[in-house]
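Chemist: Let me begin by handing over the structure; questions about it come next.
Taken together, the values in this text are just the output of simple stated rules run on the coordinates, not laboratory data. Bear in mind that the values here come from a model prediction, so they are computed numbers and not experimental data. Every residue, glycine among them, receives a Cβ derived from its backbone with ideal geometry; neighbour counts consider all protein chains shown.
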Amino acid sequence: MEADIAPVYVACDSEEIKSVVEAAGGQGVLTPPELPSGSDRVFAASEQLDAGFDVILNVQGDQPFINPQIVKDLIPALEGADISTPVTTLQPDEVQTDSVVKAIVAEDGRALYFTRAPIAHGFHHIGLYAYRKPALAKFVSLPPSNLEKLERLEQLRALEHGMTIKVSHAAESLIAIDTPADLERARKMVK
């Protein structure tokens, strides 16, 4: 909401979460709980809203401290691409951490690969996405790819099926909440 670029809806998989969102003044959209990915959930929500959006941003709940500028930068990064996503500098202590997804990026800004494996020559991928609406519809219609299953990274499905992902560069490292230790660190920050 702080990015102030579009209406914000929370795609919820239960009435309980939707009620919490709405009690806090947000707008919730109920989606089936059995959906396999965040992209599927965002697509299901967008289909219910059917508000004529050309671009859909997927800002995930594991990034509560995201800088609004990172969200805004996804829009110009979509130029000439199906999907855009941010990256930042990979810190030395993150190279061996499999909860940190690394992105391999071409000089023209195209994402070439994403991995959880230790690599020192990539970027730290931030799990936010901007999709052109037809690209999101295509993406969720595709079967999971072999690389996606091996790496447990859904964006590899797009790359394996010839879709273009471009990156935007964020100046700061972020705290994603992917592990219990991350959650504890986030709780300390909020205090």
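Chemist: Would you mind working out the magnitude of the charge dipole of region 109-191 relative to its Cα centre, with +1 at each Lys and Arg C-beta and -1 at each Asp and Glu C-beta, to the nearest 20 Debye?
Modeler: 220
Chemist: DSSP loop (so not H, G, I, E, B), at most 10 other Cβ within 10 Å: list which GluC sites (Glu not before Pro) in region 6-100 pass both filters.
Modeler: The qualifying sites are Glu34, Glu79.
Chemist: Let me ask you something else. Just to check I understand the Karplus step: with θ = phi - 60° and J = 6.51 cos²θ - 1.76 cosθ + 1.60, what whole-Hz values come out for region 3-12, glycine and proline as x?
Modeler: Here the 3J(HN,Hα) series is 5, 6, 10, 6, x, 10, 10, 9, 7, 10 Hz.
Chemist: Considering the options Ser37, His124, Leu159, tell which one lies farthest towards the positive end of the dipole of the chain, charges being +1 on Lys and Arg and -1 on Asp and Glu at the Cβ, about the Cα centre.
Modeler: Result: His124, furthest along the dipole toward the positive end.
Chemist: Would you mind ranking His125, His169 so that the residue whose beta carbon has the fewest other beta carbons within 10 Å leads the list?
Modeler: Least to most surrounded, the residues fall as His169, His125.
Chemist: A further question on this structure: So for region 1-84, taking the charge dipole from beta-carbon charges (+1 Lys/Arg, -1 Asp/Glu), which of Ala77, Ala3, Gln27 sits furthest toward the positive end?
Modeler: Of Ala77, Ala3, Gln27, it is Ala3.
Chemist: Please state the charge dipole magnitude for the chain, taken about the Cα centre, from unit charges on C-beta atoms (+1 on K and R, -1 on D and E), reported in debye and rounded to the nearest 20.
Modeler: Details: 17 positive and 28 negative charges, 41 e Å.
With Lys and Arg at +1 and Asp and Glu at -1, about 200 debye.
Chemist: Going by amide H atoms built from the backbone, whose H comes under 5 Å of the H on Thr164, apart from near neighbours?
Modeler: Here Asp82, Ile83 satisfy the definition.
Chemist: Using Cα pairs closer than 8 Å and at least 6 residues apart in sequence, work out the relative contact order for region 1-46, in percent.
Modeler: About 33 percent, as a whole number.
Chemist: In sequence order, what are the phi-derived ³J(HN,Hα) couplings for region 96-113 according to the Karplus relation 6.51 cos²θ - 1.76 cosθ + 1.60 with θ = phi - 60°, rounded to whole Hz, with x for glycine and proline?
Modeler: Ordered by residue, 3J(HN,Hα) equals 8, 8, 6, 7, 8, 7, 9, 10, 9, 10, 6, 4, 8, x, 6, 6, 9, 6 Hz.
Chemist: Taking θ as phi - 60°, what are the ³J(HN,Hα) couplings along region 27-43 by the Karplus curve (6.51, -1.76, 1.60), each to the nearest whole Hz, with x for Gly and Pro?
Modeler: 10, x, 10, 7, 10, x, x, 7, 4, x, 8, x, 5, 5, 5, 5, 5
Chemist: Taking Cα pairs under 8 Å and at least six residues apart, what relative contact order does the chain come out at, in percent?
Modeler: Relative CO of the chain lands at 22 percent.
Chemist: If one puts a single equal scatterer on every Cα of region 26-136 and applies the Debye formula without solvent, what log₁₀ I(q)/I(0) results at q = 0.18 Å⁻¹?
Modeler: -1.01
Chemist: Let me ask something else about it. Can you sort Arg41, Arg185, Arg132 by how many other beta carbons sit within 10 Å, fewest first?
Modeler: Least crowded to most crowded, the residues run Arg185, Arg132, Arg41.
Chemist: Tell me the Rg and the Dmax, in Å, that the Cα atoms of region 74-191 produce.
Modeler: 14.6, 45
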